[in-house]
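Working notes for the structure below.
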Amino acid sequence: MTKMSKYLQKYLEHDIDWQAVMTAKGIHSNAQLHNSELIFQIFYPEKDHDEFIVWRNLRSFNDWQDAIYSMEEDDFEYIWPLRAKMILEYQGCEEEE
């Protein structure tokens, strides 16, 4: 049996609507910068344009809430860096409100 990723552990730890949390923080697939080359260059300045195209296609044709169950930590963090960071930093304050 494979080890559960730290992202999946944290994701399952909180019984919340993660999509709503992400959207409230401005992280959603309809955001103008979601698949932008600018975001890619900020996170991966050493990567080239061909790698950007692969990254953008992975983001466009995969759903992070499905992929989190099967994707390796490094891959999840690479494809969805902002979501990965938010999941790990989430403290549950919205649950208490």
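Computed log10 I(q)/I(0) for the stretch 6-92 at 0.16, 0.22, 0.26 Å⁻¹: -0.62, -1.16, -1.51, from the Debye equation with unit scatterers placed on every C-alpha and solvent omitted. To the nearest 20 debye, what charge dipole does the stretch 6-92 have about its Cα centre, counting +1 at the Cβ of each Lys and Arg and -1 at the Cβ of each Asp and Glu? Around 340 debye, computed over the stretch 6-92.
Readers should treat all values here as calculations from the given coordinates under stated rules, not as data from a laboratory. From a predicted model like this one, the values you see are computed outputs, not experimental measurements. Don't worry about glycine lacking a Cβ; one is built from the backbone with ideal geometry, like all the others, and counts go over all protein chains shown.
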